[in-house]
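Encoded as structure tokens, the structure appears first; notes follow it.
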Number of protein chains: 2
Amino acid sequence: MTTEAKALAGVKVLDMTQFLAGPYCGLTLADMGAEVIKIENPPGGDFVRIAVPQINGVSIYYENMNRGKKSVTLNLKTKEGKELFAKLIAEADVLIENNRPGVMERLGFAYEDAKKINPGIIYCSISGFGQTGPYSQRPGYDLIGQAMSGAMSITGMEGHVPLKYGVPIGDVLGGMNGALGILAALHHRTRTGEGQHIDTALVDGLVSSMLTNTMGYLVTGKVPGRSANRYFNAYPYDSFSAKDGEYVIACGTDPHFAALATVMGKPELLEDPRFNDFVTRKSNPHMDELKAIIDEWSSDKTVAECVELIMSVDIPVAPIYDIKQATEDEHIRNAREMFVEVEHPVAGKITITGNPIKMSATPTTPTKCAPLLGQDNESVYGSLGLDAETLKAYKEKKII
Amino acid sequence: MTTEAKALAGVKVLDMTQFLAGPYCGLTLADMGAEVIKIENPPGGDFVRIAVPQINGVSIYYENMNRGKKSVTLNLKTKEGKELFAKLIAEADVLIENNRPGVMERLGFAYEDAKKINPGIIYCSISGFGQTGPYSQRPGYDLIGQAMSGAMSITGMEGHVPLKYGVPIGDVLGGMNGALGILAALHHRTRTGEGQHIDTALVDGLVSSMLTNTMGYLVTGKVPGRSANRYFNAYPYDSFSAKDGEYVIACGTDPHFAALATVMGKPELLEDPRFNDFVTRKSNPHMDELKAIIDEWSSDKTVAECVELIMSVDIPVAPIYDIKQATEDEHIRNAREMFVEVEHPVAGKITITGNPIKMSATPTTPTKCAPLLGQDNESVYGSLGLDAETLKAYKEKKII
């Protein structure tokens, strides 16, 4: 029943984005089989082509973000460059851009302009704060979004400064929301012929992801603070220390706690009035006291031993992996194909991150590396009718 | 040019999920206009219907996660319940489930079973570890995913324990990846008629979101640690203290730093060999020394004053909002419609989180509250041919 075609075969995407949020949107579509043409500024292209780490001068940041895409160079500040871009838009299904609002308009390619060229175009703008509103002109980075969404205020330890998440999640959410909008718009266009403008912002995506965090304040007026690895509504739901590292237990209910106490060889905890029901257990100082008991219990065991024991009674438990352990884990790396190798003409075999959406009929696993800068100039511009001589002249005039 | 139709009008989704990841997938489709029928176990339905906070006994957690959906009750352990479910599957485009792998098979409704009823069905499974691999049977919660993906190992302060992100981001990413897969599969089915099984996992989504965090280790073998709010590749990129709170600066380049030093009234920093170039500035003890200088500068100013001054020279800067500030910010709340009011028959006017994907032709802003338990039994089951008497009998027999 598996066909070899990918889900988005035949969909043509112009990806004129840089850094992380926009490229993540484009790579999602590329993994799903869209023809994604990355449009890069000559002479250097996407800024992250020079990012470290590199292998033989090839940026792995760029590779991860742009696997499976094509690359053309194009100088949108030249008259000929604008003409070429208009031709590309005429034949495209989707355009993705992550410039600061106003930039595309000044280049002559705002949504309204693109729509005149191609009424069905699906035009996706990803920015820090969105196309509208008083902050739309502010520069938006992941850290800025994490700060203003309120996410940092609930990350970290009580009594210490607010902390960012170590993952640039605002960028990733921005890219994913862009891709969701594009795919929904594609469905709408298939039915109606109508294109549209999608406007998504890093801050919006972060705020949306926090819907369980904000609702408490909205109902009760109580502003949540930071509680490290604890969850206000259950205990033990926290991190603990074994002799060789840290692990987490997510133990919600009374039956779960009974199983945990038993497997720890501490049935007396179930008689202890501090811990013997859900509500008493999740209030301090009982949480601190229970944490000390569990830490003490695990202090002479390895993380692996603690995890195996606790998992034997089906309580959610896990080691806190460092990056090495996560990338080398058999389940994550191989069974789930979350780290895959692709062949690169300059860097050789490189390991990139796999696609998290496993589809039975239309594979998503990345199989192709990212493009060399401008490697598809001939084929893409050739298909628009430009001959080799013109391309050579354009190259010399820094139009492409 | 705006049509009143939403992007996914006409798409019928059976959402048999609970808690967060699955419902977030369904709400994304509901906001986009799909008919999402939530299938809930009698008598209580989704576990989060009893979650706090509540208004007049209505869980706001449930409201946020299930806005715009319909609700039917269905007991899948009864013969009649199974027959009804088969009829629902026959007429659906999409089924979303977030049970532990194996549960749907035991109920008689694994993908292969559903496909026999409806060959075009798009069947999306969201789980902690995925449908395949050695950990597939493990219970998966957000905290478990954050621990095993490596995300916690890079979140927190140097010398302190690994920390979770305060946002249940593993759940949110799982739901978004499910929705991405569904929309791509819908496009594929429109072209080819072929349905498929989508398998996505919380851990997979987290690992994918970390692609810029893992690549360093994969290339250099160096395991990244925790660095609070700093970024290894630029300084000052950090949080700082003003007299009434904290704020962040994301200052990358030398020209940015020159503008910052100037607006701070400290041009001498540009001559200081510790700070006068990109590379020296981002190495310690210079980072700590520069942080102290900036903290001292802002110690007699409010966050608002610091942000306004630094923003005047177009350096990325932002207040670290608490949840109150984030939900009340004019740009976030109103201009971007990230908090919207809906009317609920029992709770009255309630504020829920808006949709982050703004689409010019097909609106996504939620306008309807979540359903009361089983409120759509009559219309949904009625359309399958069940009369009022049968429904009454089914209700009494706890089939619905």
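Can you give me the Cα centroid spacing of segment B:87-154 and segment B:378-400 in angstrom?
Value for the Cα centre distance between the two parts: 28 Å.
Excluding the sites themselves, what is the longest stretch of chain B that contains no GluC sites (Glu not before Pro) in a DSSP loop with at most 16 other C-beta atoms within 10 Å?
B:5-157
Pick out, in residue order, every one of the trypsin sites (Lys or Arg not before Pro) in segment B:244-293 that is DSSP loop and has at most 16 other C-beta atoms within 10 Å; say none if there are none.
B:Arg274
Relative contact order for segment A:1-69 using alpha-carbon pairs under 8 Å, separation at least 6, rounded to a whole percent?
33 percent
With a point put 7 Å past each Cα toward its Cβ, work out how far B:Gln137 is from B:Lys12 in nm, to one decimal.
Modelled inter-label distance: 3.7 nm.
Post the alpha-carbon centroid distance, segment A:47-85 to segment B:9-57, in whole angstrom.
So the two Cα centres are separated by 42 Å.
With the convex hull built on the Cα atoms of segment A:267-389, state its orientation-averaged projected area in nm².
Averaged projected area of segment A:267-389's Cα convex hull equals 14.7 nm².
What list of ³J(HN,Hα) couplings, whole Hz, do you get for segment A:52-66 from phi and the Karplus terms 6.51, -1.76, 1.60, once you set θ to phi - 60° and write x for glycine and proline?
Running phi through 6.51 cos²θ - 1.76 cosθ + 1.60 with θ = phi - 60° gives 8, x, 10, 10, 6, x, 9, 6, 6, 4, 4, 4, 4, 7, 10 Hz.
Return the lysines within reach of B:Lys164: Cα separation strictly under 17 angstrom, same-chain partners fewer than 8 residues apart disregarded; answer none if there are no such residues.
Correct list for B:Lys164: A:Lys164, A:Lys291.
Tally Lys and Arg at +1 and Asp and Glu at -1 over the other residues with C-beta under 12 Å from the C-beta of A:Asp142: what net charge comes out?
The answer is 0.
Working from the alpha-carbon coordinates of the protein assembly as shown, get Rg over Rh, Rh being the Kirkwood radius.
Rg/Rh: 0.96.
Among DSSP beta bridges whose residues both lie in chain B, state the antiparallel percentage, nearest 5.
Details: 18 of 39 bridges.
Once the DSSP bridges in chain B are tallied, antiparallel ones form about 45 percent.
With N set to the residue count of chain A, report its C-alpha Rg divided by 2.2 N^0.38 Å to two decimal places.
So the Cα radius of gyration is 1.19 times the expected 2.2 N^0.38 Å.
Please compute, for peptide B:129-135, the average count of beta-carbon atoms on other protein chains lying within 10 Å of each residue's beta-carbon.
6
Taking 30 Å as R0, compute the FRET efficiency from the Cβ-Cβ separation of B:Lys349 and B:Ser379 and round it to 0.05.
Computed FRET efficiency for B:Lys349 and B:Ser379: 0.75.
Work the Kirkwood hydrodynamic radius out for segment A:205-262: mean of 1/r over every pair of different alpha-carbon atoms, inverted, in Å.
It is 13.7 Å.
On alpha-carbon atoms, Rg over Rh for segment A:237-322 using Kirkwood Rh?
Taking Rg over the Kirkwood Rh, I get 0.94.
Using a 10 angstrom cutoff on alpha carbons, build the Gaussian network for chain A and name the most mobile of A:Leu29, A:Leu290, A:Leu202.
Judging by the Gaussian network model, the answer is A:Leu290.
Multiplying the sequence separation of B:Arg191 and B:Glu308 by 0.36 nm and subtracting their Cα-Cα distance, what value in nm do you get?
Taking 0.36 nm per residue and subtracting the Cα distance, the gain is 36.9 nm.
Could you pull out every whole DSSP H run in chain A that spans at least 24 Å of Cα extent along its own axis and averages -1.0 or higher on the Kyte-Doolittle scale?
A:169-192
For the protein assembly as shown, give me the percentage of DSSP beta bridges that are antiparallel, rounded to the nearest 5 percent.
50 percent
Here, each number is a calculation from the coordinates, and none is a lab measurement. Source: prediction; values computed, not measured. We place every Cβ from the backbone using ideal geometry, glycine too, and count neighbours over all the protein chains shown.
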